[in-house]
1. Quote to one decimal, in nm, the extra length available between residue 65 and residue 233 on full extension: 0.36 nm per residue of separation minus the C-alpha distance between them.
2. Indicate, rounded to the nearest 5 percent, the antiparallel portion of the DSSP beta bridges found entirely in the chain.
3. Which three extents, in angstrom, do the Cα atoms of the range 251-301 have along their principal axes, listed largest first?
4. How big is the range 17-84 along each principal axis, measuring the range of its Cα positions in Å and listing the largest first?
5. Could you calculate the contour length gain from residue 88 to residue 273, that is, 0.36 nm times the residue separation minus the distance between their Cα atoms, to one decimal place in nm?
6. What FRET efficiency would be calculated for the residue pair residue 98, residue 41, taking the C-beta separation as r and a Förster radius of 41 Å, to the nearest 0.05?
7. Tell me the angle of helix 184-195 to the major Cα principal axis of the chain, expressed in degrees between 0 and 90 and rounded to the nearest ten.
8. Between residue 263 and residue 110, what is the label-point separation in nm under the 7 Å Cα-to-beta-carbon projection?
Amino acid sequence: MLDEAPGHTPSSPRLKIGDAAALTGVTPGRIRHYQRLGLLSPIRSESGYRYFRAPDLVLLLQIDLLRSLGMGLEEIRTSLPSEGTEGSLASALERHQQTLLRERERLDRLLLAVQRALAAPDASAEAVVAYLASAYSTPRESLGIFGRLTRPLSEEAAGRWQGILGGGWALPVSPILGRMLLPERVSEVLERLARAEGNEVLFQRVRRLAEAILALSGPGSPGRGTPRQVAADWVGSFISDPLPAEVELALRETVPRIPELEVLNQGFQLWAESISPAAATVLRLIQQQGRRQGRMVLGVLLVPKPTRPPAPP
């Protein structure tokens, strides 16, 4: 005979977790997960066993249905009667509808890319990758071959960076490397730089650096300097010819907030290695020389040293 839980009559049907799983098709492990999250609260008998009543089964089936629609558990939590107000389920479904529409748009882009890749005269692996990589992300979510963003940019910043980086600067980088994930804080850096007055100076310098790096492995490269010279000239330019004040402030206030900075810099070196060994060497030397100057470094960007307040008179 089962222990009686307070407030429930002996005739109230109660099920063990295995029986609830058999009736709903939800595995015991998933039911326990919902319990740990507080989405389900089955009754507990005096001996400590948990039993499920009819309302628990209804709630469990509702949770599983919403999960099958792709709704997140936190969204489900706010839609439950015990957690939200009347009509919260409808509100949650309205929000989720927008998520599904965005996902459908993404899948439509991907399907179109697959169709174009299959129909293209050049069916090489590189061409197929290029098509697919271009379809995965919008300009707000991607910097093309330079990486994809954890946090989308604003429309204004995305348009600015698309104009700067569009076409990939003819860098010989596999499009698949554009799938490398850039941490969330990188979006903050990009937003600030896109708005900073004088940012054209930085963009032009980085473009010239890319040209110098490409020249290292081009025809006649022995006469065009060495990786060490290119790196030294680049680091020296930050000291002898500082960037505009707003650009420096943007770097100073955002780059130190990136917790994954060291791993990110290693990723940039691997990315550059796909261009040439010399390119990877330039990035490694820039990062080493920049740190010796007491600067934090993001890729090839040296963060200005904090300005010291004037000494009191």
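A short reminder: the numbers here are calculations on the coordinates, not readings from a lab. Every value quoted in this text rests on a predicted model; they were computed, and no experiment measured them. In this analysis, Cβ positions are derived from the backbone assuming ideal geometry, glycine residues included, and neighbour counts consider all displayed protein chains.
1. On the way: separation 168, 0.36 × 168 = 60.48 nm, distance 6.09 nm.
Computed gain between residue 65 and residue 233 is 54.4 nm.
2. Details: 6 of 8 bridges.
Rounded to the nearest five, the antiparallel share is 75 percent.
3. For the range 251-301, the Cα spread along each principal axis is 32, 20, 14 Å.
4. Each principal axis gives a Cα extent; for the range 17-84 these are 35, 24, 19 Å.
5. Working: separation 185, 0.36 × 185 = 66.60 nm, distance 5.16 nm.
61.4 nm is the gain from fully extending residue 88 to residue 273.
6. Details: r = 30 Å, r/R0 = 0.74.
About 0.85, to the nearest 0.05.
7. 50
8. In this crude label model, residue 110 to residue 263 measures out at 2.4 nm.
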